[in-house]
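Novice: Below: one structure in structure tokens.
Each reported figure results from applying straightforward, stated rules to the coordinates on display, with no laboratory input. On a predicted model such as this, the values are computed, not experimentally measured, just so you know. All Cβ positions, glycine included, derive from the backbone under ideal geometry; neighbour counts span all protein chains shown.
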Amino acid sequence: MSKPAQEPTEGSSPVQPLTMAATIAALGVVFGDIGTSPLYAFRECLRNGLRYPGATLDQIVVPAVSMIIWSLICVVTVKYVLFIMEANEDGEGGIMTLVSLASKKQKADEKTEEDRTHVHSKRKHRSVLVLLGVFGTALLFGDGVITPAISVLSALEGIKEANESLKGPISDHVLTILIPSFAVIILVGIFALQRRGSGKVGMYFGPITLAWFACIAATGIGALVQHSAQAAIIAHAFNPLESVGFFIDHPGLAMVILSAVFLAVTGAEALYADMGHFGQKPIRAGWYVIVFPALILNYLGQGAWALAQPASEFEHGFNPFFNMAPNWAQIPLVVIATLAAIIASQALISGAFSTTMQAIQLNFLPRMRVERTSDQESGQIYIPIINWMLMVGSIYLVLQYKSSEHLASAYGIAVSMTMLVTTILFGQFLRQRFKIPSVTAYVFVAPVILLEIVFVSSNVPKITESGWLPLAAGFLVYYIMAVWNKGRLVMKEKMSEGESTGDFENFLDSVEDRFVAGKLSRVKGTAVYMTGTTKSVPMALAHNLKHNKALHDHIIVVTLKVDEDRAIVPASDRISFNTRGPKFCKVDSHEEFPSVLSVTGKFGFREKQDVFPVLEAAYKELGITPNSMETTYFLSRETIVRATTGFSLNAVQEKLFEVLNRNALSATAYFNLPPGRVVELGMQVEL
């Protein structure tokens with residue numbers, strides 16, 4: 001019989017209060033990506049539009065700005081800030097959180113065949129949602145490599161505009177070499193800074209980002225004032241009929257421009273993924289009060305400036321963002337744009353860390369080193385291997401494409417598909433939350449789904465250019481996650497076959513009989529056996545008794561479980577004691593039978609499994625204070641052996657899983673156990 005522990009433990013994440021400091025810190029991490037989209041989004045709209053046969057500048061500027069404004073309203077403000085952010089677990093967001101909320105397990109009695117069929121159907125439904133979420137997560141990794149590269153390149157390319165405006169002496173050939181080189185140096189610095197944690201990074205970057213939004217709002221207002229006649233024209237962009245009418249009259253041209261319009265909202269997914277770092281209220285306040293108004297003013301200013309220029313100016317690749325600023329302000333603008341681009345990379349990097357943590361907890365990725373970067377916020381983490389892989393990928397893209405214009409052709413397709421997956425899962429969340437039919441739920445989200453299908457369709461032509469790259473990266477990550485998950489399930493099944501399946505109490509009775517008969521000796525100290533299930537006797541315990549024939553003074557069997565339905569498990573549900581052995585069993589030698597306790601620690605899928613609070617509760621339950629030098633941790637290590645018949649995995653999957661398993665972080669390192677106190681007992685597992 002399981003009972004909850006009385007000792008409270010840490011883990012629940014309180015809702016962060018709305019403060020100026022939290023809002024500014026959120027600016028420095030969450031809004032960096034979407035905040036730097038004015039560097040390239042409108043420029044790409046004009047470039048794509050003017051390449052279309054028969055298109056003119058006057059024809060495309062107002063509809064392009066209108067589509068940008070209404071995309072920001074519909075996708076970011078309405079979908080993410082207003083609705084999606086409500087789908088959270090104790091303030092934690094992200095696509096895997098949405099999967100959990102959309103597919104909450106429901107307990108059901110399986111008394112009849114109909115009940116069993118119903119439960120089986122629900123399990124299949126949950127599996128589909130999980131796979132959909134994993135697919136969306138994998139695509140997010142694909143675009144996570146592009147974001148730092150395109151943001152930094154776009155900012156540094158302002159040097160070209162300033163050089164031409166100021167009639168500088170630097171040749172285009174030299175700039176073509178210098179800009180990618182500077183970009184690589186900056187990217188190395190960005191990723192080297194990650195180990196300080198998103199909270200500290202946010203406090204460094206927040207004030208700079210605030211200055212950035214002030215600058216883009218000011219340059220937008222300046223352009224509107226300078227070109228007041230064009231400002232009156234561009235104001236029509238607030239009318240959604242400008243976008244709708246343009247689609248009706250020029251569908252082909254509209255789709256071409258829309259693929260670039262999507263670049264204006266690519267950072268929206270980070271608002272949800274990074275919610276656990278700073279909280280719902282600071283992110284919403286930052287968007288409504290600072291980010292959204294600044295973006296709107298800047299895009300309107302770019303539109304007014306573009307209307308005042310001859311179309312021939314854009315044949316040379318002019319960037320409205322830099323050119324609408326006064327000549328004296330262009331160099332300072334390049335500097336702050338570069339700083340903002342550095343910050344822009346932070347949003348998806350932090351999101352990648354959070355997403356990786358979830359995938360590890362849910363057994364979709366092997367164990368990796370996870371470092372906590374904050375004593376207050378459990379969501380602020382740093383994963384070195386993910387950090388350096390993103391860095392290598394971003395640097396490769398900079399050296400391969402050398403300009404943001406070329407890189408823009410690869411940007412958008414993967415994240416547009418991720419957003420569509422998020423909306424589909426949100427429909428399932430509404431069905432689950434309000435107990436309504438799926439049809440009703442999807443009627444509610446249908447407008448956004450239709451809009452995002454159009455976004456995906458407009459980005460499809462990018463696949464033949466460079467858009468295949470993030471898709472290929474996403475599908476590779478998805479394949480790795482699917483193989484790891486399948487392999488772990490197979491390994492768990494095989495290991496359970498090799499372990500004792502008898503009742504734990506019966507096992508203890510047999511051990512006690514052997515102890516009384518003098519067949520087992522007594523060893524001083526405490527033995528901690530870590531196992532993945534409470535249903536069977538740990539293999540390490542069974543083997544230790546079989547080969548060493550020894551029992552420690554105190555035996556603690558620890559099981560750490562991940563609750564797939566909760567991002568964070570509250571302290572009251574964290575620890576339970578499943579089985580207790582006899583505590584004072586006198587034998588002929590007047591020696592007591594060792595105390596035995598089976599304890600389970602439950603964690604949410606966004607929490608790192610920490611064994612030490614669980615052990616502290618176990619020590620208190622047993623009434624002991626063990627010496628750390630007399631505590632031994634027993635773990636099992638699996639060696640994969642390929643079966644001769646009845647393969648569970650095909651040859652490629654089996655080899656990939658073997659490589660992943662071999663390179664996974666050891667349990668000793670992952671749980672921060674003292675290496676000198678760990679004993680590993682191995683077993684071979686046939687896949």
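Novice: I want to check the label-to-label distance for TYR396 and GLU493. Put each point 7 Å from Cα in the C-beta direction and report it in nm to one decimal.
Specialist: In this crude spin-label approximation the distance works out to 3.4 nm.
Novice: List every residue whose amide H lies under 5 Å from the amide H of SER636, counting only residues 5 or more places away in sequence or on a different chain, with H placed 1.01 Å from N in the peptide plane.
Specialist: Under 5 Å from the amide H of SER636 lie the amide H atoms of LEU681, each far enough along the sequence or on another chain.
Novice: Compute the distance in nm between two label points, each set 7 Å from the Cα along the Cα-to-Cβ direction, one at VAL454 and one at SER181.
Specialist: A separation of 4.6 nm, rounded to one decimal place.
Novice: If you don't mind, there's one more thing I want to ask. For the charge dipole of the stretch 25-460, defined by +1 on Lys and Arg C-beta atoms and -1 on Asp and Glu C-beta atoms about the Cα centroid, which residue among LEU399, ALA260, ALA162 has the Cα displaced farthest towards the positive pole?
Specialist: LEU399
Novice: So what are the ³J(HN,Hα) numbers for the stretch 134-144, from phi and the Karplus equation (6.51, -1.76, 1.60; θ = phi - 60°), rounded to whole Hz, Gly and Pro as x?
Specialist: 5, 5, x, 5, 4, 5, 5, 5, x, 7, x
Novice: Around GLY351, what is the net charge, scoring Lys/Arg as +1 and Asp/Glu as -1 over all other residues with Cβ under 14 Å from its Cβ?
Specialist: -4
Novice: Return the FRET efficiency for the residue pair ALA329, PHE238: r is the Cβ-Cβ distance, R0 is 41 Å, and the value is rounded to the nearest 0.05.
Specialist: Computed FRET efficiency for ALA329 and PHE238 comes out at 0.90.
Novice: Subtract the Cα-Cα distance of ASN663 and ARG433 from 0.36 nm times their separation in residues, and report this length gain in nm to one decimal.
Specialist: Here the segment from ASN663 to ARG433 would lengthen by 78.8 nm.
Novice: Still on this model: Within a Cβ distance under 13 Å of SER151, other residues only, what is the Lys/Arg minus Asp/Glu net charge?
Specialist: Result for the neighbourhood of SER151: -3.
Novice: Follow-up question, since we're still on this one. If a paramagnetic tag sat 7 Å from the Cα of ASP573 along the Cα-Cβ line, which residues of the stretch 427-446 would have the backbone N under 19 Å from that point?
Specialist: Of the residues in the stretch 427-446, 429-430, 432-435 have backbone N under 19 Å from the label point off ASP573.
Novice: Evaluate the distance, in nm, between pseudo-label points positioned 7 Å from the Cα of VAL225 and of ASP565 along their respective Cα→Cβ axes.
Specialist: Between VAL225 and ASP565, the simple spin-label model gives 5.9 nm.
Novice: Still on this structure: Could you go through the stretch 524-540 in sequence order and give the Karplus-derived ³J(HN,Hα) for each residue, using 6.51 cos²θ - 1.76 cosθ + 1.60 with θ = phi - 60°, rounded to whole Hz, and x for Gly and Pro?
Specialist: Residue by residue, the stretch 524-540 yields 6, x, 10, 10, 10, 9, 9, 9, x, 8, 9, 8, 9, 6, x, 4, 5 Hz.
Novice: While we're looking at this one, here's another question. Note the full-extension length gain between LYS524 and ASN506 as 0.36 nm times their separation in residues minus their Cα-Cα distance, in nm to one decimal.
Specialist: Contour length minus the Cα-Cα distance gives 4.1 nm.
Novice: Counting Lys and Arg as +1 and Asp and Glu as -1, each charge on the Cβ, what is the dipole of the stretch 25-460 about the Cα centre in debye, to the nearest 20?
Specialist: Value, rounded to 20: 1120 debye.
Novice: Same structure, new question: State the extension gain, in nm to one decimal, for the chain segment bounded by ALA192 and ALA21, taking 0.36 nm per residue of separation less the distance between their alpha-carbons.
Specialist: Using 0.36 nm per residue and subtracting the Cα-Cα distance, I get 59.1 nm.
Novice: Express in whole angstrom the spacing between the alpha-carbon centres of the stretch 420-479 and the stretch 650-683.
Specialist: 35
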